[in-house]
Amino acid sequence: MIRVIIMDDEPLALINMEKRLKEFDSIEIVKSFSTLNDLLTEGPTLDIQVAFLDVEMPGMNGLEIAQLLKQWHRNIHIIFVTAYRDYAVQAFEIQSLDYLLKPISKSRLETTINRIQELSQHEKKFPPSQKHNEPSLRIQCFGGFNVSFNGKIVHWRTVKTKELFAFLFSNLYSHVPRDIIIDALWAETDYKKARVQLHTTISYLRTTLSALGYVNVLHYANGCYTLQLEDFQCDVLDLEQLLKHKEENDELDVEKAEIFIQNHHGDYMATLDYPWTNGKGNFFNNQFTILLNFLVEHYTATHALKRRELILLLSLDYSPYSDKIIQQLLQHYIEVDNRANAIRIYNTFRDNLFTDLGILPNQDTIELFNTISEE
């Protein structure tokens, strides 16, 4: 049984969705919510796999609720149910499984249920803890977007073929409407021409993937494309697994974290002019910063002061205007009695902040530095 919750502030809409979902034997409705307060009270403790969410709701909209649910239940699948198309792009940015427009036909809902079942079977077959042989396909998202197979860079028929793969990969297992793809990759192109270019690029992409042994991984149904890819390695997924391990075990896999950092090449899809990456880029770059923070905490607790300094300096490279990081560095240099480095790093930070942003360090940073400079 697939355990789901439903949320809609309209009672009749909630009842209607309950009725429709009860027609499927594989679905168990755990709870239905009409208010945010009820969800906040019960949501974190529920054993659920899927959430059907209305988008337009008072207090907190469905997109915000989806992000909250993903914090509580990392692997939950989100399905938006709404009368509006306006939120489609944002919905897929947070990797929703599907986007259903009211009124929902039985056949359309059945397609969604089938997709949930497919994913459920996939997750049972390939649980996160299961070990596989080293995959031949490697996908690098940090520092650019590079794909290699058996150690050789994959060559794409056109630049749009590569971008399309990047876009679909960033929405892996999600049903992405054709028009969403066109808006993302061919926004400045006449719609009819854009559709032709999309179909041509899809054909090129299928050919490239098939040549690598990935046959029938790109599907089209009900106006949506879905990339279903297995047996690959990706730096973004490696980062997510590191953070998930820390969350579930309250312990960081330091060895893997250090290897990840050594192989980290820069910001998410850096150097690529893909406007659609902005939201995801901010999220994944922030995830990398969280990993660095965990390492700083570990090396502080284990008194590995040299490693802590190196990680803090790396953190400052990625967040050069962060008062929090510069304060941590100043505290570190106080602890190791290195006043000269503290003054040097602060002066560089202050000068960069003023030159680039026209501002000065915050008051806490200035006061901390003054305690050092006055000694």
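Bear in mind that the values in this text are calculations on the coordinates, not laboratory data. This structure is a prediction, so every number in the text was calculated from the model and none was measured. Here Cβ is always computed from backbone atoms with ideal geometry, including for glycine, and neighbour counts include all displayed protein chains.
Numbers for the structure displayed
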{"item": "Those residues of the stretch 244-299 which are of a type outside the set (S, T, N, Q), touching a Ser or Thr at 6+ places or on another chain (Cβ under 8 Å) and more than 30 Å from residue 185 (Cβ to Cβ), in sequence order", "result": "292, 296"}
{"item": "Residue 299 being aromatic (Phe, Trp, Tyr), more than 27 Å from residue 71 (Cα to Cα) and crowded, with 16+ Cβ neighbours inside 10 Å", "result": "no"}
{"item": "Check on residue 28, over 30 Å from residue 184 (Cα atoms) and touching a residue at least 40 places away in the same chain (Cβ under 8 Å)", "result": "no"}
{"item": "Qualifying residue in the stretch 329-339 (condition: surrounded by fewer than 18 Cβ atoms within 10 Å (Cβ to Cβ) and free of Cβ contacts under 8 Å to residues at least 24 places away in the same chain)", "result": "yes"}
{"item": "Residue ID - surrounded by the fewest Cβ atoms within 10 Å (Cβ to Cβ), chosen from residues in the stretch 68-79 that are within 25 Å of residue 117 (Cβ to Cβ) and not β-branched (Val, Ile, Thr)", "result": "75"}
{"item": "Tabulated pairs, the stretch 231-243, first in contact (Cβ under 8 Å) with a residue 40 or more places away in the chain and within 15 Å of residue 265 (Cβ to Cβ), second among the charged types (D, E, K, R) and assigned to a strand (DSSP E or B), C-beta under 8 angstrom, 6+ apart or interchain", "result": "233/138; 234/138"}
{"item": "Check on residue 39, of a type outside the set (Gly, Ala, Ser), farther than 23 Å from residue 175 by Cα and touching a Phe, Trp or Tyr at 6+ places or on another chain (Cβ under 6 Å)", "result": "yes"}
{"item": "Check on residue 262, more than 20 Å from the chain's Cα centre (by Cα), under 25 Å from residue 287 (Cβ atoms) and either of a type in the set (Ser, Thr, Tyr) or surrounded by fewer than 19 Cβ atoms within 10 Å (Cβ to Cβ) (or both)", "result": "yes"}
